[in-house]
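Participant: Quick one: this structure, given as structure tokens, is what I'll be asking you about.
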Amino acid sequence: MRVIIKMIGMCCIFLSCNLAGFGLERRMKYRCLFLREVKEVLQLMENEMIWHRTTLPEALITVSADCRTSLGPILRCCAERIKERDGQSFGDIWHSGVDGKIPNGLLSAAEYQALLDLATAFCNTDAVLQKTQIQKQQQRFDCLYERAQEEWKEKGCLYRRLFGAAGLAIVILLF
């Protein structure tokens, strides 16, 4: 009976270590997906606002329909707050929309700041300046996405294997 309990415990330890490794890899993948989606949203926003001359709230709602990450709720929240017309600047609306909707630890400080800086790209009245700002932000997020993807490719599998090895080492030590 005691051996069976030990075996069950060792299996639980090994599985939990493996799941922790898979969780870290999944978080890195989600970060890549989020950054890629921001890049895609910028392209869609440029199309909506520059070429279709759609208002900002309508463009945010239209673009948010295609979002698969936590960016969708941010865009919808900002669109609703703009429609309320409570006198806040778009920068304040964007910052409060982003606050709390991004999972903790998902983005680095530089990536989070880049996300907050998107407010300047969306709220220009001059179409040429707005297009320039959006393209500048697209390039910025393209670089961030490339770095995150490289990191995911390099470290994702490594984390999974290291946590599996750690689980195996703990099981060996406890046996």
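Participant: What is the distance, in nm, between label points placed 7 Å from the Cα along the Cα-to-Cβ direction at His52 and at Asp92?
Facilitator: Between His52 and Asp92, the simple spin-label model gives 3.0 nm.
Participant: Can you list, largest first and rounded to whole Å, the semi-axes you get for the stretch 53-98 by taking the square root of 5 times each eigenvalue of its Cα gyration tensor?
Facilitator: Result for the stretch 53-98: semi-axes of 17, 13, 7 Å.
Participant: Hey, another quick one. Find out how many positive minus negative residues lie around Leu144, taking Lys and Arg as positive, Asp and Glu as negative, among other residues whose Cβ is under 9 Å from that of Leu144.
Facilitator: Around Leu144, the charge tally is 0.
Participant: Could you work out how far helix 2-46 tilts from the main Cα principal axis of the chain, as a 0 to 90 degree angle to the nearest 10?
Facilitator: 20
Participant: Which aspartates and glutamates does Lys29 reach when only Cα atoms under 13 Å apart count, and residues fewer than 8 places away in its own chain are ignored?
Facilitator: Straight-distance partners of Lys29: Glu37, Glu146, Glu150, Glu151, Glu154.
Participant: Between Glu150 and Met1, what is the FRET efficiency for a Förster distance of 35 Å, r being their Cβ-Cβ separation, to the nearest 0.05?
Facilitator: Here the calculated transfer efficiency is 0.10.
Participant: Could you rank the peptides 136-145, 65-74 by their average count of other C-beta atoms within 10 Å per residue, with the highest value first?
Facilitator: Answer by packing, highest mean first, reads 136-145, 65-74.
Participant: May I pose another question? For a label point 7 Å from the Cα of Gln135 along Cα→C-beta, name the residues of the stretch 104-125 whose backbone N is under 16 Å from it.
Facilitator: The answer is 121-122.
Participant: Mean separation of Cα pairs under 8 Å and 6+ residues apart, divided by the residue count of the stretch 80-161: what relative contact order is that in percent?
Facilitator: 22
Participant: In whole Å, what are the extents of the stretch 64-160 along the principal axes defined by its C-alpha atoms, from largest to smallest?
Facilitator: Computed over the Cα atoms, the extents are 49, 29, 25 Å.
Participant: When only Cα pairs under 8 Å and 6 or more residues apart are kept, what is the percent relative contact order across the stretch 1-155?
Facilitator: Once normalised by length, the contact order is 30 percent.
Participant: Looking at the calculated P(r) for the chain, what percent of the C-alpha pair distances fall above 21 Å?
Facilitator: When all Cα pairs of the chain are counted, 56 percent exceed 21 Å.
Participant: Please give the helix 71-84 orientation as an angle from the longest Cα principal axis of the chain, in degrees from 0 to 90, rounded to the nearest 10.
Facilitator: Helix 71-84 and the main axis of the chain meet at about 40 degrees.
Participant: Something else about it: For the cross-link pairs Lys39/Lys136; Lys101/Lys136; Lys83/Lys136, which exceed 18 Å when the distance is taken from alpha carbon to alpha carbon?
Facilitator: Listed pairs above 18 Å: Lys101/Lys136; Lys83/Lys136.
Participant: Sticking with this one: Mind putting a number on the dipole of the stretch 48-121 about its Cα centre? Charges go on the C-beta only, +1 for Lys and Arg and -1 for Asp and Glu, and I need it in Debye to the nearest 20.
Facilitator: With only Lys, Arg, Asp and Glu charged at Cβ, the dipole is about 140 debye.
Participant: At q = 0.12, 0.24, 0.28 Å⁻¹, work out log10 I(q)/I(0) for the stretch 106-164 with the Debye formula, treating every Cα as an identical point scatterer and leaving solvent out; two decimals please.
Facilitator: -0.42, -0.94, -1.08
Coordinate-derived values only; no laboratory data. Computed from a predicted structure; not experimentally measured. With ideal geometry, Cβ positions are generated from the backbone for all residues, glycine too; neighbour counts draw on all protein chains shown.
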